[in-house]
Every structure is written in structure tokens, then in C-alpha cells.
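Worksheet: one structure, shown below.
The values are calculated or read from the model by the stated rules, or taken from the named source; none is laboratory data. Keep in mind it's a predicted model, so treat the numbers as computed, not measured. Cβ sites come from the backbone with ideal geometry, for glycine too, and all protein chains shown count toward neighbours. Surface accessibility is based on the protein's heavy atoms, side chains included, excluding ligands, DNA and RNA. Shrake-Rupley method; radii C 1.70, N 1.55, O 1.52, S 1.80 Å.
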Amino acid sequence: MSKPIRILMLGDVVGREGTSYLAAGRRLSSLRRSLGADFVIVNGENAAEGNGLLPKTAEELFDAGADVITGGNHTWRRRELTDMLDERAELLRPANYPDAAAGHGWGIFPCGMKQLLVINRIGCVEMEPVASPFETADRILAAERGKFDLCVIDFHAEATSEKIALARYLDGRVTAVAGTHTHVQTADASVFPGGTGYITDLGMCGSPAGVLGVKTEAILKKFLVKTPVFFEPATGSVEGHGALFTVDPASGRCTAAEAISF
């Protein structure tokens with residue numbers, strides 16, 4: 001019997017605190033070994049100071065142990081990342097942005113003896129007015145048919161209903177759907193009837209001392225004064241959150257989905 005494949009996905013990395021937490025003492029590499037993870041996907045769209053992602057921060061996350069970095073609504077906040085988005089296949093941005101946007105929305109990567117299709121998408125509810133994540137998924141799966149064995153999706157979305165609906169829509173057609181963006185790990189890691197692993201939100205890698213990884217003072221000013229603020233990362237204790245999906249390599253179906261905190 002073939003050895004199960006394990007795919008680790010981590011929630012939004014927030015600022016220097018979150019990036020350093022994964023890199024320090026080879027924490028992510030050690031976590032990968034202890035969980036027996038064959039592939040690691042990290043959402044990095046908030047990893048730079050003030051959110052967004054910088055090339056040097058992306059390289060730190062790759063060096064820490066990420067195989068693929070996914071993005072979201074802050075992917076293009078730093079112009080310095082534009083060239084890297086075009087040049088680095090392992091750095092993804094939401095696929096349902098216009099084709100003219102820099103970067104790639106999906107890629108196929110070796111995962112053990114299998115080929116893993118990783119798709120990054122963003123939601124439409126209370127987010128950017130982009131193409132339907134449902135139709136985008138259909139288009140990509142059709143275009144790449146026969147080229148991959150497993151498929152996981154980082155769905156960067158606000159509404160829990162949209163995340164669950166997309167996963168139900170794709171149940172049996174993809175290996176796993178993991179939500180990102182809200183920075184709070186949900187308690188619903190599960191495997192759907194068709195064999196698709198799911199969690200509404202992976203959570204974040206950052207400090208819980210503030211508000212979703214950002215200093216409390218900045219967020220209070222945003223709510224009370226309504227003017228733009230600089231998202232300065234919260235400092236202090238740091239936590240990491242994500243999910244581990246165990247996959248049957250023969251069928252490509254998820255057999256277990258487990259929330260991870262470290």
C-alpha cells in the first residue's frame with residue numbers, strides 16, 4: 001500500500017513577527033518533519049511590514065520551508081514584487097484577477113511521485129469585483145486535465161458561505177479547499193462526502209496580542225476615525241495556524257483534515 005501524502009497549508013503570515021516565527025530556529029522545517037508533510041503552502045500576502053509581500057520576504061518564506069506561497073487582495077500592494085510574480089512559478093496570486101495582472105494564478109508542482117495542482121483564488125463577496133471563483137475553477141481544471149494527480153486550493157475570501165459553497169461545488173473534483181483571509185482559524189476541518197478536505201479558514205501566523213495580527217491602536221483608529229492607517233504588526237507572543245490534509249495517493253482523495261496550531 002502506498003504511503004499517504006500529507007499537505008500542510010498555513011494561514012496568512014502577518015508582518016515581520018510572523019515571518020520570523022516561521023524562519024527562526026528552522027521552525028517551519030521542523031514542523032514539516034514532525035508532521036511528515038510532503039508539501040507546504042503558505043499564504044504570504046501580509047508578510048511584509050504594513051502588509052503586502054516583498055521579494056526578500058518571499059525568499060525568507062521559501063528558505064524557511066514553503067514550497068508555494070499564495071496571495072490575496074494585498075498581493076499587488078508592493079510594486080517591488082511585480083517582476084517576481086511573473087518570474088517565480090512557486091509564487092501565486094489569485095487566478096480570477098484579469099489575465100493582464102502580473103503573476104500566475106496556479107501551478108503544477110512535484111509532490112512525491114505525484115503532480116500537485118495548486119490554485120489560488122479570491123472571493124467576490126465584499127471583496128474585489130473579479131471573475132467568478134466557481135467558473136475560474138472549472139476553467140482551470142478543464143485546461144489542466146490529465147496533467148495533475150492532486151489539486152488543492154487556497155480560497156482567499158471574506159464570506160464563510162462563499163468558501164463552503166465553493167468547496168461543496170468542487171467536492172470530489174479537488175483534493176482540498178482551504179480558506180484564508182480572516183486570520184481566525186475555524187473549527188470545521190473535515191472531509192466532504194466526495195473526498196475533498198476542507199477548512200473555512202486556516203488562521204494566521206502572527207501575534208494574537210493585537211487585532212488579527214495588527215497593533216490594536218491602528219485598528220481602533222480605523223474604526224473610530226475612519227481614516228487610512230498603517231497596518232503595523234502586533235508584537236509579543238506569536239502563534240502559527242494552518243491545516244494538514246492526508247491524501248490517498250491512489251485516488252487523490254483526502255482521507256483526513258486536521259487543524260494545526262504551533
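Overview of results
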read-out: Qualifying positions in segment 181-200 - farther than 25 Å from Asp248 by Cβ and crowded, with 24+ Cβ neighbours inside 10 Å; value: His181
read-out: Failed item, numbered, when Ser161 is tested on (1) assigned to a strand (DSSP E or B); (2) open to solvent by 20 Å² or more (accessible area, probe 1.4 Å); value: (1)
read-out: Some residue of segment 39-54 being open to solvent by 10 Å² or more (accessible area, probe 1.4 Å) and free of Cβ contacts under 8 Å to residues at least 60 places away in the same chain; value: yes
read-out: Segment 5-19 residues that are more than 9 Å from Gly206 (Cα to Cα) and in contact (Cβ under 8 Å) with a residue 12 or more places away in the chain, paired with ones that are acidic (Asp, Glu) and open to solvent by less than 10 Å² (accessible area, probe 1.4 Å) (beta carbon under 9 Å, 6 or more apart); value: Met9/Asp154; Gly11/Asp201
read-out: Members of segment 89-110 that are crowded, with 19+ Cβ neighbours inside 10 Å and either aromatic (Phe, Trp, Tyr) or outside any strand (DSSP E or B) (or both); value: Arg93, Pro94, Ala95, Asn96, Tyr97, Gly103, Gly105, Trp106
read-out: Pairs where the first residue, in segment 217-232, is without any contact (Cβ under 8 Å) to a residue 40 or more places away in the chain and the second is part of a loop (DSSP other than H, G, I, E, B) and open to solvent by less than 90 Å² (accessible area, probe 1.4 Å), C-beta under 6 Å, 6+ apart; value: Ala218/Val229; Ala218/Glu232; Lys221/Val229; Lys222/Val229
read-out: Residue among Val125, Val118 that alone is touching a Phe, Trp or Tyr at 6+ places or on another chain (Cβ under 7 Å) and not polar (S, T, N, Q); value: Val118
read-out: Residue tally, condition assigned to a helix (DSSP H, G or I) and polar (S, T, N, Q), over segment 56-86; value: 2
read-out: Neighbours by Cβ (under 9 Å, 6+ apart or cross-chain): first from segment 166-190, over 16 Å from Ala256 (Cα atoms); second assigned to a strand (DSSP E or B) and of a type in the set (S, T, N, Q); value: Thr180/Asn43; Thr180/Thr70; His181/Asn43; His183/Asn46; Gln185/Ser261
read-out: Residues of segment 63-82 that turn out to be surrounded by fewer than 24 Cβ atoms within 10 Å (Cβ to Cβ), in contact (Cβ under 8 Å) with a residue 12 or more places away in the chain and of a type outside the set (A, V, I, L, M, F, W, C), as a count; value: 9
read-out: Enumeration of residues in segment 21-36 that are touching a residue at least 12 places away in the same chain (Cβ under 8 Å) and open to solvent by 10 Å² or more (accessible area, probe 1.4 Å); value: Tyr21, Ala23, Arg26, Arg27, Ser29, Leu31, Arg32, Leu35, Gly36
read-out: Test: residue in segment 106-121 that is more than 18 Å from the chain's Cα centre (by Cα), under 19 Å from Cys254 (Cβ atoms) and at pLDDT below 95; value: yes
read-out: Candidate set: segment 131-158, residues that are open to solvent by less than 30 Å² (accessible area, probe 1.4 Å) and assigned to a loop (DSSP other than H, G, I, E, B); chosen: the one nearest to Ile260 (Cα to Cα); value: Ala157
read-out: Any chance Asp149 is under 24 Å from Gly52 (Cα atoms), in contact (Cβ under 8 Å) with a residue 12 or more places away in the chain and among the charged types (D, E, K, R); value: no
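Matching residues to (1) modelled with pLDDT under 95; (2) farther than 22 Å from Glu158 by Cα; (3) of a type in the set (Asp, Glu):
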site: Ala58; (1), (2), (3): no, yes, no
site: Phe62; (1), (2), (3): no, yes, no
site: Asp67; (1), (2), (3): no, yes, yes
site: Gly71; (1), (2), (3): no, no, no
site: Glu87; (1), (2), (3): no, yes, yes
site: Glu90; (1), (2), (3): no, yes, yes
site: Asn96; (1), (2), (3): no, no, no
site: Asp99; (1), (2), (3): yes, yes, yes
